[in-house]
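Below is one structure, written out as C-alpha cells, with a few remarks after it.
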Amino acid sequence: MSPSPSVLFVDQAAEIGGAELSLIDIVRWRKGPQTVCLMQPGPFAERLREFSVPTVLVDASGILNVRRDDGLAAAAGAIPALLRILRGFASHARRHDVVYANTMKAIVLAALSYPLHRRPVIWHLRDLLTAEHFSAGLRMCCSLLPAFAIRRVIANSQATAEAYRRIGGRSPVEVVYNGIDPAAFDAIDAAEARARLLSETRLAGDRPIVGVFSRLARWKGQHVLVEALKSVPDLQAVIVGGALFGEDAYEAQLRSDIAAAGLEDRVRLLGFRRDVPVLMKGVDIVAHTSTAAEPFGRVIIEGMLAGKPVVAMRAGGAVELIRDGETGVLVAPGDAGALAEALRQFLADPVEASRMAEQGASHARETFGVRDYVLNIDKAINAALSR
Ligand code: UDP
C-alpha cells in the first residue's frame, strides 16, 4: 500500500448535481493518486477535466436507464447488461487500492464486481433510502449489498445514516457532512452581485428578491415558492436550476403556474447556472423548498456562506444544518402558507433576519469546512484499507 492510497471514485452522472459537486470538492483538494470513473460523458466529465482530475469512462448505458422508482423487475431486467460491464469496471478498479462509490448505480457496480477486483469498497451514501425517494425493491437491493465488499458507508447526514440502518444495511456507517469552500462567496461583493442580477433579470431594484437554487423537480418544491409568493406582496424571485434529470414537464407546469398567478413580472427562471455564488450574493433571502426530506441540502450551507437569511423545510438533513430561529428558519415541507409567513417575517424584521444570517454564516464556516471534509474522507479511506 502506498502512503497515500490510490482511489478509484465512481459516479454515474452526466450532469452536475449536489453529489457531483461534493465529489469535485474531494478530488480537487485531496492529495494522492486518484481517478474518477464515469458512466457517461457530459458536463460533469468536462468539469473534472477543468480541474485536471484524471477520468475513465465505463459504458454503462445498459443499467443507466433503470430509474430509482422502477422497482425490482426493472432492476432484474438490467442484470445481463450489468454483467457485461462488470469486467470492464473491474479492470480499472484493480489499478487502485480502494473503490469509492459516490452514487447508487456506482455502488451496485462496485459491489457486484467485487469478486473480480477484490478492492475494499467505500459507499458515500448521498441519498435517503426511504419510501419517499426509493421503491421497496431498490431499498431491498441496497440492504442486500454485501457487507464483506462494502467496508464502510459514509453518510452525508445523520438522516441518511439512520435511513441506511433502518433498511437493514450491514456495513459500518459514519457521518461526514459535506464541506463547502467559502472562498467563492467571499470573493464576491454583494452590491456588485445585486447590480448584475438586476441588470440581467430586469427585476425592480427597489423590491426584495428571494432565490431558490435547486434543479427543477417536483420534490424540490419550486411550485411551493410560487404559491407562497401570491401572499407576499412585492417580493420578487429568481428560480435558479435546470431540469437536469428529465423533469421538463415540471418546468412547463411551473411556467404555466407563474403565468396563471400573474407573477411573470416578479419571477424569473434562470436555468442551470455555474455562477450560483454570484447569484446568491445578489438576492436578499435564500429559500430551500423541497417537499420531501433532503439527504443534506448543500444550498442551505451556501445560502449561509453568502450571508443571507435562509428558510428551509423541516425534514431530513436540513434539520441538522439549521438551528431553527437561530441560524435560519424551518417550516413544514410543502406548506406554502408557512413559507410565506417566514418570508414576510424576514422582510418585516430585517435586523433579526441579518442576525440569523450572521449566525448562519459563522455556523457554516465552523461546521462545514472543506478542509475537515476532505480530512474525514481521507481517514475513512485509510480505515477501509486497514481493516
Ligand atoms: N446548483 C448549481 N447550479 C444551479 C442550481 C444549483 O450549481 O443552477 C448547485 C447548488 O449550488 C448546490 C447543488 O447544485 O451546490 C445542489 O445540491 P443540493 O445538495 O442542494 O441538492 P441535490 O442536487 O444534491 O439534490
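Histogrammed with a bin width of 10 Å, the alpha carbon distances of the chain distribute as 5, 23, 32, 24, 12, 3, 0 percent, first bin at zero.
Overall, the anisotropy analysis places the stretch 45-155 in the rounded class: the square-rooted eigenvalues a ≥ b ≥ c of its C-alpha gyration tensor yield a/c less than 1.5.
Between amide H atoms placed 1.01 Å from N, distances below 5 Å from residue 241 occur with 270, 271, 272, 273, all of them 5 or more places distant or on a separate chain. Taking 0.36 nm per residue of sequence separation and removing the Cα-Cα distance, the residue 248/residue 28 pair yields an extension gain of 76.0 nm.
Residues in the stretch 318-331 carry Karplus couplings, in order, of 4, 5, 7, 8, 10, 8, 4, x, 10, 10, x, 10, 10, 10 Hz; the curve used is 6.51 cos²θ - 1.76 cosθ + 1.60 with θ = phi - 60°, and Gly or Pro positions show x. Annotation: amide H-H contacts under 5 Å for residue 291 (H modelled 1.01 Å from N, sequence separation of 5 or more, or interchain): 220, 221.
Full extension of the segment from residue 371 to residue 186, taken as 0.36 nm per residue of separation minus the current Cα-Cα distance, would add 65.0 nm. The phi torsions of the stretch 140-152, fed into the Karplus equation with coefficients 6.51, -1.76 and 1.60 and a -60° offset, translate into couplings of 5, 4, 5, 5, 8, 4, x, 5, 5, 8, 8, 5, 8 Hz, rounded to whole numbers, with Gly and Pro shown as x. The H on the amide N of residue 267, modeled in the peptide plane, is under 5 Å from the matching H of 237, each at least 5 residues off or on a different chain. The relative contact order of the stretch 284-376, computed from alpha carbon pairs under 8 Å that lie at least 6 residues apart in sequence, is 29 percent. Rounded to the nearest whole Hz, the Karplus-based 3J(HN,Hα) values (6.51 cos²θ - 1.76 cosθ + 1.60, θ = phi - 60°) of the stretch 16-28 follow the sequence 9, x, x, 4, 6, 5, 5, 6, 4, 4, 5, 6, 5, with x at glycine and proline. Taking every alpha-carbon pair under 8 Å whose residues sit at least 6 apart, the chain reaches a relative contact order of 15 percent. For the chain, the tally of Lys pairs with Cα-Cα distances below 20 Å comes to 4, considering only residues 8 or more apart or on different chains.
Kindly identify the stretch 82-226 as rounded, prolate or oblate by the Cα gyration tensor criterion: order the square roots of the eigenvalues as a ≥ b ≥ c, call it rounded if a/c is under 1.5, otherwise compare a/b with b/c, prolate if a/b is larger, else oblate. Because a/c hits 1.5 or more and a/b exceeds b/c, the stretch 82-226 counts as prolate.
When exposed loop sites are taken as GluC sites (Glu not before Pro) in a DSSP loop with at most 12 other Cβ atoms within 10 Å, the longest stretch of the chain clear of them is 1-263. The calculated FRET efficiency for residue 326 paired with residue 348, based on their beta-carbon distance and R0 = 22 Å, is about 0.75.
Here, each number is a calculation from the coordinates, and none is a lab measurement. From a predicted model like this one, the values you see are computed outputs, not experimental measurements. Every residue, glycine as well, gets a Cβ built from its backbone with ideal geometry; the counts of neighbours run over all protein chains shown.
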